[in-house]
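Trainee: Let me give you the structure first, and then I'll get to my questions.
Quick note: the coordinates plus some simple rules give every number you see, no bench work behind them. Note that the structure is a prediction, hence the values are computed from the model and not measured. Note: ideal-geometry Cβ built from the backbone for every residue, glycine included; neighbour counts use all protein chains shown.
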Amino acid sequence: MSMLYEGALQDLVEEFGKLPGIGPKSAQRLAFHILQSPLEEVEALSSALTEVKKRVRFCEICGNVAEDERCVICKDGRRDQSIICVVEEPKDVVAIERTREYRGLYHVLGGSIDPMAGVGPDDLRVKELLPRLQSGEVAECVIATDPNLEGEATATYLVRLLSSVGVTVSRLASGLPVGGDLEYADEVTLGRAFEGRRPVTG
């Protein structure tokens, strides 16, 4: 990013520019927003940033975000211990929890296999998953990776890896969104829709 301002303001623009999804114009907008905000609001933001780095960690069991060694889901004895849902990121846990349809445990990989970005299976929390599935308590492993190329590659790898573990391995059903047009569906979505087809009765 080229120098546009001087001193502290330029430093702030550059720091915002390092954030994912923030381009030069967004970085400037954020910096000027901070500049024009009351000091109390800026101090509250600064405090929240510092506190999240001090207090938030990753659950020692599943890899979800937590403020203790274990996250609230792993500590909840009412959860179904016989099923583990494998997701890419903690934000995926939040999305699934919002549905209120799933009451089992999770395993957060910390990303997906992406050879173009140099991310392989060894860079993910795969080796931590195997002992959990071999504990004797787990009957099913649900793979809930994103329905994109990286997520598909990760799911394919996991299905192959887990085929001899002795638990049922399932995938989230996915396919065409309601209200969508076939011509606009990408090949992965359309392919999964065919794979997940079910018989219907009249």
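Trainee: Whose amide H sits under 5 Å from the amide H of Val65, counting only residues 5 or more places off or on another chain, with H placed in the peptide plane?
Mentor: Cys59
Trainee: Still on this model: Could you please state, rounded to a whole Å, how far the C-alpha centre of region 72-128 is from the C-alpha centre of region 1-52?
Mentor: Using only Cα atoms, the two centres lie 32 Å from each other.
Trainee: Residue by residue through region 17-28, what is 3J(HN,Hα) from phi via Karplus (6.51 cos²θ - 1.76 cosθ + 1.60, θ = phi - 60°)? Round to whole Hz and write x for glycine and proline.
Mentor: Coupling constants for region 17-28: x, 7, 6, x, x, 10, x, x, 5, 5, 4, 5 Hz.
Trainee: Moving on to the next point. Divide by every residue of the chain the summed helix terms, -39500 (n - 2.57) for each DSSP H run of at least 4, and state the resulting mean residue ellipticity at 222 nm, rounded to the nearest 500 deg cm²/dmol.
Mentor: Numbers: 8 runs with 83 residues, N = 202.
So the calculated ellipticity at 222 nm is -12000 deg cm²/dmol.
Trainee: Viscosity 0.890 mPa s, temperature 25 °C: what is the translational diffusion coefficient of region 77-159 from Stokes-Einstein with a Kirkwood Rh over Cα pairs, rounded to a whole number of µm²/s?
Mentor: For these conditions, the coefficient is 186 µm²/s.
Trainee: About the Cα centre, and with charges only on the beta carbon of Lys, Arg (+1) and Asp, Glu (-1), how big is the dipole of region 7-55? Nearest 20 debye, please.
Mentor: Working: 6 positive and 7 negative charges, 52 e Å.
That gives region 7-55 a dipole magnitude of about 260 debye.
Trainee: Still on this structure, please answer the following. Using the charge dipole of the chain (Lys, Arg: +1 at Cβ; Asp, Glu: -1 at Cβ; taken about the Cα centre), state which of Ile84, Phe58, Val94 has its Cα farthest towards the positive end.
Mentor: Ranked along the dipole, the leading option is Ile84.
Trainee: Run the dipole for region 1-131 about the Cα centre, Lys and Arg Cβ at +1, Asp and Glu Cβ at -1, nothing else charged, and hand back the magnitude in debye, nearest 20. Walk me through the numbers before you get to the answer.
Mentor: Details: 17 positive and 23 negative charges, 84 e Å.
The calculated dipole for region 1-131 is roughly 400 debye.
Trainee: How big is the chain along each principal axis, measuring the range of its Cα positions in Å and listing the largest first?
Mentor: 65, 47, 36
Trainee: Given Cα pairs under 8 Å that are at least 6 residues apart, what percent is the relative contact order of region 1-127?
Mentor: Details: 130 pairs, mean separation 18.2, N = 127.
So the answer I get is 14 percent.
Trainee: To continue, here is another question. What residue among Leu124, Val169, Ser37 has its Cα farthest toward the positive end of the dipole of the chain, where the charges are +1 on Lys, Arg and -1 on Asp, Glu, each on the Cβ?
Mentor: Farthest towards the positive end: Val169.
Trainee: May I ask you to sort Phe194, Phe58 by Cβ crowding, counting other Cβ atoms within 10 Å and putting the fewest first? Could the numbers behind the result be given before it?
Mentor: Details: Phe194 8, Phe58 16.
Ordered by Cβ neighbours within 10 Å, fewest first: Phe194, Phe58.
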